[in-house]
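K.L.:
Below: one structure in structure tokens.
The values are calculated or read from the model by the stated rules, or taken from the named source; none is laboratory data. Keep in mind that this is a model prediction, so the values were computed, not measured. When we count neighbours, we look across all protein chains shown, and the Cβ atoms used for this are built from the backbone with ideal geometry, even at glycine.
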């Protein structure tokens, strides 16, 4: 006797229910091949912001990424096409989120490693500036390393966010 569609639906729903709230489409949280666990933080320090930054890249999570930046955020980078010898340019938070969202959709795999902290500065206004060395692999095809200079600010609730990021990548 052939099972009815209702019986098959019941079996499917029962198996989902019995397996708890497991989502087969969600990434495996906290487990990276050959590394220690990586979890989201509450961004109670600049180091926790950078941990969430790495999480957002590795899991291509644009929602987590959007929480890293203050509304006053500015990204500064060197553009070799400005003038004859190149020059610095910048963009704000909205462009940063659109650009990185496209990057996340365009590639399946990212590896981001924060290396040494080569400078730390605490300003009188309660902000902090960190210069970190990094290695970034995009899709296993593109490799970027260099320095990233981040300025952070804390809101009244104690959540830290990035206000400025100056990219000093070596291409």
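K.L.:
Quick check: is even one residue across the stretch 129-136 under 13 Å from residue 57 (Cβ atoms) and either touching a residue at least 40 places away in the same chain (Cβ under 8 Å) or loosely packed, with under 12 Cβ neighbours inside 10 Å (or both)?
P.N.:
For the stretch 129-136, residues under 13 Å from residue 57 (Cβ atoms) and either touching a residue at least 40 places away in the same chain (Cβ under 8 Å) or loosely packed, with under 12 Cβ neighbours inside 10 Å (or both): present.
K.L.:
Please find, among 60, 98, 105, the residue that is surrounded by 13 or more Cβ atoms within 10 Å (Cβ to Cβ) and modelled with pLDDT of 90 or more.
P.N.:
Going through 60, 98, 105 in turn, the sole match is 60.
K.L.:
Among (1) out of contact with any strand residue (DSSP E or B) (no Cβ under 9 Å at 6 or more places or on another chain); (2) surrounded by 17 or more Cβ atoms within 10 Å (Cβ to Cβ), there is one condition residue 152 misses while meeting the rest; what is its number?
P.N.:
Every condition holds for residue 152 apart from (1).
K.L.:
I need every pair where a residue in the stretch 66-79 that is at negative phi and modelled with pLDDT of 95 or more has its Cβ under 9 Å from the Cβ of a residue that is part of a loop (DSSP other than H, G, I, E, B) and surrounded by 14 or more Cβ atoms within 10 Å (Cβ to Cβ), sequence separation at least 6 or different chains.
P.N.:
67/43; 67/159; 68/43
K.L.:
Moving on. Inside the stretch 30-57, can you point out the residues that are at pLDDT below 95, farther than 21 Å from residue 158 by Cα and touching a helix residue (DSSP H, G or I) at 6+ places or on another chain (Cβ under 9 Å)?
P.N.:
Hits for the stretch 30-57 are 32, 38.
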